[in-house]
1. Can you find a residue that is among the small types (Gly, Ala, Ser), modelled with pLDDT of 95 or more, within 24 Å of Met87 (Cα to Cα) and surrounded by fewer than 20 Cβ atoms within 10 Å (Cβ to Cβ) anywhere in the range 143-165?
2. Could you figure out which of (1) surrounded by fewer than 20 Cβ atoms within 10 Å (Cβ to Cβ); (2) modelled with pLDDT under 95 isn't true of Ala11?
3. Any chance you could count how many residues in the range 74-131 are among the aliphatic types (A, V, I, L, M) and farther than 14 Å from Val156 by Cα?
4. Report yes if some residue within the range 100-109 is of a type in the set (D, E, K, R), over 23 Å from Val161 (Cα atoms) and open to solvent by 30 Å² or more (accessible area, probe 1.4 Å); otherwise report no.
Amino acid sequence: MREYKLVVLGAGGVGKSALTVQFVQSIFVEKYDPTIEDSYRKQVEVDSQQCMLEILDTAGTEQFTAMRDLYMKNGQGFILVYSITSMATYRELEDLREQILRVKDTDKVPMVLAGNKCDLESDRMVARDSAQQLAASWGCAFYETSARQKLNVDEVFFDLVRQINKQMPEKARETGKKKKCVIL
């Protein structure tokens, strides 16, 4: 079974943990408890393939930014989360994306932009069109999500797995395994 290392990034309070826990355990976490770092494992089926997802739910607060380079280096795919009710959380994502590209030393990294809290439409500060344009300029997928209503939660994670599969098919991954030496 293939394993995937997914990293959930974004500012504090955008709902990274709520999205992750909703995906892994089908529970909505109402109260905000700042995360330092939580890791989850979940076996899922994506496109008839069994997958083991290792999901790293990261800190959104500034005091833990030193840890970011490490999870960016090890992550295969990234979910960049902002709250549709906060323009500041949306603006922070550009720097996060640049950091990912710098650490990975490539401009093509599996990534999904997720506008969370779309159930709070009356408090919207970030226009859907703006986020769609940003995702298009980055060449990544975009979803508006609601951890509370479990809207597009699975889709975000499954889309990321599909992107990783497209970029790194199973055969390409096997080249890292030991090969038998044949002497002629």
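1. Step one: filter the range 143-165 for residues among the small types (Gly, Ala, Ser), giving 146-147.
Now drop any that are not modelled with pLDDT of 95 or more, which leaves 146-147.
Right, trim to within 24 Å of Met87 (Cα to Cα) and you get 146-147.
From what is left, the residues that are surrounded by fewer than 20 Cβ atoms within 10 Å (Cβ to Cβ) are none.
No, the range 143-165 contains no residue that is among the small types (Gly, Ala, Ser), modelled with pLDDT of 95 or more, within 24 Å of Met87 (Cα to Cα) and surrounded by fewer than 20 Cβ atoms within 10 Å (Cβ to Cβ).
2. (1)
3. Kept after step one, since they are among the aliphatic types (A, V, I, L, M), are these residues of the range 74-131: 79-81, 84, 87-88, 93, 96, 100-101, 103, 109, 111-114, 120, 125-127, 131.
Then keep just the ones that are farther than 14 Å from Val156 by Cα; that gives 84, 87-88, 93, 96, 100-101, 103, 109, 120, 125-127, 131.
Qualifying residue count, the range 74-131: 14.
4. Initial filter on the range 100-109 (of a type in the set (D, E, K, R)): 102, 104-105, 107-108.
After this cut, where a residue has to be over 23 Å from Val161 (Cα atoms) as well, the list is none.
Looking through the range 100-109, none of the residues is of a type in the set (D, E, K, R), over 23 Å from Val161 (Cα atoms) and open to solvent by 30 Å² or more (accessible area, probe 1.4 Å).
The values are calculated or read from the model by the stated rules, or taken from the named source; none is laboratory data. Computed from a predicted structure; not experimentally measured. Here Cβ is always computed from backbone atoms with ideal geometry, including for glycine, and neighbour counts include all displayed protein chains. The area values use the complete protein model at the heavy-atom level, side chains included, leaving out ligands, DNA and RNA. Shrake-Rupley method; radii C 1.70, N 1.55, O 1.52, S 1.80 Å.
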